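Chemist: The structure under discussion is supplied below as structure tokens; questions concerning it will follow.
The values are calculated or read from the model by the stated rules, or taken from the named source; none is laboratory data. Only a predicted model underlies this, so the values are computations on that prediction, with no experimental measurement involved. Positions of Cβ are generated from backbone atoms using ideal geometry, with glycine treated the same way; all protein chains shown enter the neighbour counts. Quick note on the areas: whole protein, heavy atoms, side chains included, nothing else; ligands and nucleic acids left out. Shrake-Rupley method; radii C 1.70, N 1.55, O 1.52, S 1.80 Å.
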Amino acid sequence: MAHGGTVVQELTTDHREVEELFAKIEALPPGHLKRKQYADQATIELVRHSVAEEEYLYPAVRSHVVGGEALADKELEDHKGAERLMKDLEGLGADDPAFDHILTRLIQEVRTHVRDEEGNLFPRLEEVLPRLELTDLGEQVRRAKKTAPTRPHPASPHEPSALKVLAPGVGLVDRARDALSGRGKVQD
């Protein structure tokens, strides 16, 4: 899918890509090895996406949207819940009885979060920010995703200032681990 444009376009593209991975997972029978591989790919994308939102989207929502503090806090809590589920999945194989239960919960939580963002948060942000600012935010999000972690770190700080300092280093380590292990690659 094409990335670019405003922050809303960028993040919506991410949502569609993750949904495609979820559909691939759901099309496979329980215990199938590729379910784990697709779950790892989804985790990589979700973590990168979440970190970028926490660094740039939610601060903009707090600053510009009426009721933005509460809205951003709710979205951040959604991220924390999803991150804990992704961490629980990290050490499980597709054949583990807990894998499908946790994965199903993660998929449900992410889908609910996406519906809320696309149906509530994004339209409210588009109402108050000019297109140029939305495009600038989109570029910041794209840059942040390039250096963001690829693994869940639920104990890490979620404050934008801390993420901007820590995320690139953690992301570098995560990407090195992924490259060495082959994590995030679907084997045919």
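Chemist: Per 0.36 nm of contour for each residue apart, how much would the distance between Asp116 and Leu28 grow if the chain were fully extended, relative to their Cα-Cα spacing?
Modeler: So the extension gain works out to 28.9 nm.
Chemist: Would you mind computing, in nm to one decimal, how far apart the modelled labels at Glu19 and Glu126 are, each placed 7 Å from Cα along Cα→Cβ?
Modeler: Each label point lies 7 Å from its Cα, and together they span 1.4 nm.
Chemist: With every protein chain in place, what's the accessible area of Ile107 (1.4 Å probe, Å², nearest 10)?
Modeler: In the full protein context, Ile107 sits at about 10 Å².
Chemist: Further question: Between Glu159 and Glu69, with labels modelled 7 Å along Cα→Cβ, what's the label distance in nm to one decimal, could you check?
Modeler: Using points 7 Å along Cα→Cβ, the separation is 1.6 nm.
Chemist: Here's something else I'd like to know. So how do 64-70, 15-21 stack up, highest first, on mean other-Cβ count within 10 Å?
Modeler: Top of the packing list down: 15-21, 64-70.
Chemist: Report the FRET efficiency, 1/(1 + (r/R0)^6), for Lys80 and Asp178, where r is their Cβ-Cβ distance and R0 is 30 Å, rounded to 0.05. Provide the component values of the computation, followed by the final result.
Modeler: Details: r = 22 Å, r/R0 = 0.75.
For Lys80 and Asp178, the calculated efficiency is 0.85.
Chemist: Given a 1.4 Å probe and every protein chain left where it sits, what share in percent of the accessible area of the stretch 2-146 is carbon and sulfur?
Modeler: 53
Chemist: Determine the order of Leu33, Leu76 by accessible area, beginning with the largest, at a probe radius of 1.4 Å.
Modeler: In descending accessible area the options line up as Leu33, Leu76.
Chemist: Return the whole-Å distance between the Cα centroid of the stretch 61-87 and the Cα centroid of the stretch 143-165.
Modeler: Measuring centre to centre over Cα atoms gives 14 Å.
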